[in-house]
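Read through the structure below, which is laid out as structure tokens, and then see the notes.
The values are calculated or read from the model by the stated rules, or taken from the named source; none is laboratory data. Just so we're clear, the structure is a prediction, and the values are computed from it rather than from any experiment. All Cβ positions, even for glycine, are placed from backbone atoms using ideal geometry, and neighbour counts span all protein chains on display.
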Amino acid sequence: MSFERAGVCTLDCPDTCSLTVTVDADRVVKVRGSDALPYTEGVICNKVAHHSCEFVHGSRRLRTPLKRIGPRGSERFARISWEHALDTIYQRVTGVIGRWGREAVMPLNYAGPHGMLAYDSMSLRFFHKLGASLLFRGSMCGAVRNEAWVGTYGGVPGIGPEAAAQAKLNVVWGNNATVTNVHLVRNIHASRRRGGRLVVVDPLRTKIAEQADLHLTPRPSTDVLLGFALAVELERLGAHNAAFIAKHVSGYDEFMRLARDWPPEKAAEACGVAASDICTFARWLAEADPLVIAPGNGLERSRNGGSGVRAAVALPALLGKLSATSGVVLCARFAFPKTPDKLTRTDLIPASTRTLNILDIGRHLERDDIDPPLRALFIYNHNPIVVHPDQNRMRKGLLREDIFLVGIDVAMTESMQLCDVVLPAATHFECDDLYPSYGHHWLQRGEPVIPPVGESLPNTEIFRRLAARFGFDDTCFKATDRELMDAAIDGAHPYMQGVKPSEVSTSAALRMAPPDGRPLALFDNLMPATPSGKIELASDALAQRWGPHARLPRFRPRASEFPLALVSPASDKRITSTWLGSDDGNGEPSPLLMHPEDARARRLDGAKSVRVWNDLGSVILPLRITDAVRRGVVASEKGAWLATSETGTTINALVSADDKADLAKGACYNDTRVEVELA
Ligand code: SF4
């Protein structure tokens, strides 16, 4: 007999939908949206609605611990017991520590599940106690825009995405929202039904761009110039709000001195857009009230990414349009009173433990260029061989037989295939967890709807058992999942309204809000949390963290012998590289989109497949000639597995891991230069 249970989607997506899960005989048989989260209104994306059952119960699911029995990469594994797996890990890791020291061990994890417990809780307690090398993960994604926002406004959340529904102008900037931000789009549609305008900034004509009143297609990495030109044109229009700026903005004169070097005509040429479009955009920004700007991940992933985000989020500050209804939809994470030190027990970290940038791990593995070198990695919540830049280097590093690899995942991914011991993790349908969001201000809690499949275990229990095997007997390693929830969020914070984190209702999300219940919004019930208490268009804090160049946004031009810019938008079939389990098109290579004139110039009309290459590698992809991509730019969806490619490499083989963004040493996925020829 089937029944329904409440759930939460944990995938790497800003919407964090509430779910209704139909269960029959301990199997997930149907997943749909629920009303527990008012923001998502019972609507979920097709990916999760159609493929969750296979994700949980399909042939790719890991059900037992495995041990590699052939050469690395041979994909030959034998089933082993949990006891055998834990013993093997203990012996190999203590051997590494004895030979190379504690910092030769490292977690290599990222953002598979977004529940606070599965993401990193007991896991980091374990690594902190072990004294393993620390990992700076944000540079892979998110830290650039986070730093840009915090440098400008401080650690406060941007406006909730619900504001888009009332906006007179919505600006979707570098955000493939139809694929990655479904409910923001629903709110934008509501605004448009009321007569609101939509401007989209994206080098691709995405689906949301097709619906826009104005679509600007700047060359990748030139967003900062577009932002400067808009600031200049707004000044010419007399739209700068002098009173607001005098009271609440610092660094205005320095910012505008830089911006005035890029009036619309000049910026238009550098960006490859029409100057008249910049002027129209500026006029609409000046006229619109309320105004909502929703930057996505697209613009941060370039050498000028931090500057691009700073220039975009400066616009409402220049206009004085920050209020209960106007603002920037960004950094919702700051709405949640998280207590990460308590959750992950940072006090256990031995003094002077080194921190490594996740983007540099491929180089460290391949070259042994650090002391001590890395000799044991725990890969969890992550598929590094698919998602890291410079894929060939990462592959070489992970193929080394002298580096011990532990893999923890729900599915046999291409990274798990390289591991020495593979541990089966439970999915979010099988775990307790607490779910903040990076796209809205609602906190949710989930309980298991089915028991763990096979011998799989929640990440928290896996690391509890590892801690016990390593002899860690501190009480923090015995904490239950409920206790971890109460360590994850400050239950005494006013936004929690007296609700204990572990007691948040599973059938009603809790909005992070002050006691009067009004949504969080800058210059309504929040003020900037920068050192000066003002909006900082010039930031000494950013200069201290990332170097003097980071004090102000700036443009670094790029010279390359390769003429085409490659960008990698999100797929509507995967969540990054999380393949939900269906073969329904997910196994196909993502085609390369190329403008007809670029194809003609290379005599590629009629070509079925092409070789995309640069000095880092070469990838064969099917060709799709379309004017949905601007001239000079080619695009292919991110997250494709290596098996989809006849060369066994995907576009991340072409992305440099050494080129870093101007803030947070972030990845430059959308700032890759390539050439294309007939395959
Ligand atoms: S992937 Fe995003 S839109 Fe789809 S169900 Fe999960 S949270 Fe909702």
Evaluation of residue 46 against (1) crowded, with 16+ Cβ neighbours inside 10 Å; (2) over 24 Å from residue 422 (Cα atoms); (3) within 14 Å of the ligand (Cβ to nearest atom); (4) of a type outside the set (A, V, I, L, M) (one fails), failing number: (1)
Subset tally (residues that are surrounded by fewer than 22 Cβ atoms within 10 Å (Cβ to Cβ) and among the aliphatic types (A, V, I, L, M)) for region 643-679: 3
Cross-chain or 6+ apart pairs with Cβ under 7 Å, region 375-388 first and farther than 19 Å from residue 114 by Cα, then at pLDDT 95 or above and of a type in the set (Phe, Trp, Tyr): 375/100; 375/404; 376/404
Cβ-Cβ under 6 Å pairs, at least 6 apart or on other chains, region 14-26 side closer than 16 Å to residue 453 by Cβ, far side modelled with pLDDT of 95 or more and within 9 Å of the ligand (Cβ to nearest atom): 21/31
Contacts under 6 angstrom Cβ, first residue in region 43-57 being of a type outside the set (D, E, K, R), partner within 7 Å of the ligand (Cβ to nearest atom), 6 or more apart: 44/17; 45/182; 48/9
Matching option when the condition is of a type in the set (Asp, Glu), modelled with pLDDT of 95 or more, more than 16 Å from the ligand (Cβ to nearest atom) and outside the structural domain of residue 437 (by TED's automatic domain parsing), among 87, 26, 35: 26
From the options 55, 77, residue that is within 27 Å of residue 437 (Cβ to Cβ) and out of contact with any Asp or Glu (no Cβ under 8 Å at 6 or more places or on another chain): 55
Qualifying residue in region 169-176 (condition: surrounded by fewer than 21 Cβ atoms within 10 Å (Cβ to Cβ) and in a strand (DSSP E or B)): no
Check on residue 454, touching a strand residue (DSSP E or B) at 6+ places or on another chain (Cβ under 8 Å), of a type outside the set (A, V, I, L, M, F, W, C), at pLDDT 95 or above and farther than 16 Å from residue 36 by Cα: yes
Residue selected from region 8-23 under the condition β-branched (Val, Ile, Thr) and within 11 Å of the ligand (Cβ to nearest atom), by the criterion surrounded by the fewest Cβ atoms within 10 Å (Cβ to Cβ): 10
Filtered residues of region 286-314 (kept if surrounded by fewer than 24 Cβ atoms within 10 Å (Cβ to Cβ) and more than 24 Å from the chain's Cα centre (by Cα)): 286, 287, 288, 289, 290
Selection count, region 477-509, where residues are over 21 Å from residue 460 (Cβ atoms), in contact (Cβ under 8 Å) with a residue 24 or more places away in the chain and outside any loop (DSSP other than H, G, I, E, B): 2
Neighbours by Cβ (under 6 Å, 6+ apart or cross-chain): first from region 312-336, under 18 Å from residue 440 (Cα atoms); second aromatic (Phe, Trp, Tyr): 322/523; 323/523; 330/149; 331/149; 332/438; 333/438
Meets criteria (in contact with a Ser or Thr (Cβ under 8 Å, 6 or more places away or on another chain), assigned to a strand (DSSP E or B), more than 16 Å from the ligand (Cβ to nearest atom) and among the aliphatic types (A, V, I, L, M)) for residue 200: yes
Residues of region 171-192 satisfying the condition of being more than 15 Å from residue 313 (Cβ to Cβ) and more than 16 Å from the ligand (Cβ to nearest atom): 190, 191, 192
Long-range neighbours under 6 Å by Cβ, at least six apart or interchain, first residue modelled with pLDDT of 95 or more within region 254-272, second polar (S, T, N, Q): 270/222; 271/222
Any hit, region 51-70, residues being β-branched (Val, Ile, Thr), crowded, with 22+ Cβ neighbours inside 10 Å, within 16 Å of the ligand (Cβ to nearest atom) and more than 30 Å from residue 338 (Cα to Cα): no
Residue 216 vs. criteria under 26 Å from residue 668 (Cα atoms), within 16 Å of the ligand (Cβ to nearest atom), at pLDDT 95 or above and of a type outside the set (Lys, Arg): no
Residue under evaluation residue 2, criteria (1) of a type outside the set (A, V, I, L, M); (2) surrounded by 23 or more Cβ atoms within 10 Å (Cβ to Cβ); (3) away from the ligand (no atom under 16 Å from the Cβ), criterion not met: (2)
Residue 103 vs. criteria under 29 Å from the mean Cα position of the chain (by Cα), at pLDDT 95 or above, more than 16 Å from the ligand (Cβ to nearest atom) and part of a helix (DSSP H, G or I): yes
Unmet requirement for residue 227, which otherwise passes all of (1) buried (at least 23 other Cβ atoms within 10 Å of the Cβ); (2) more than 29 Å from residue 564 (Cβ to Cβ): (2)
Residue satisfying all of: in region 177-197; in a helix (DSSP H, G or I) and among the polar types (S, T, N, Q); modelled with the lowest pLDDT among these: 180
Which numbered condition residue 110 misses (of (1) surrounded by fewer than 19 Cβ atoms within 10 Å (Cβ to Cβ); (2) away from the ligand (no atom under 14 Å from the Cβ)): (1)
Residue tally, condition hydroxyl-bearing (Ser, Thr, Tyr) and under 21 Å from residue 57 (Cβ atoms), over region 396-424: 1
Criterion (among the aliphatic types (A, V, I, L, M), in contact (Cβ under 8 Å) with a residue 60 or more places away in the chain, in a strand (DSSP E or B) and over 15 Å from residue 295 (Cα atoms)) met by exactly one of 124, 135: 135
Conditions (1) under 25 Å from residue 539 (Cβ atoms); (2) of a type in the set (A, V, I, L, M, F, W, C); (3) buried (at least 20 other Cβ atoms within 10 Å of the Cβ): number failed by residue 216: (1)
Residue 468 being surrounded by fewer than 21 Cβ atoms within 10 Å (Cβ to Cβ), over 26 Å from the mean Cα position of the chain (by Cα), on the phi < 0 side of the Ramachandran plot and free of Cβ contacts under 8 Å to residues at least 40 places away in the same chain: yes
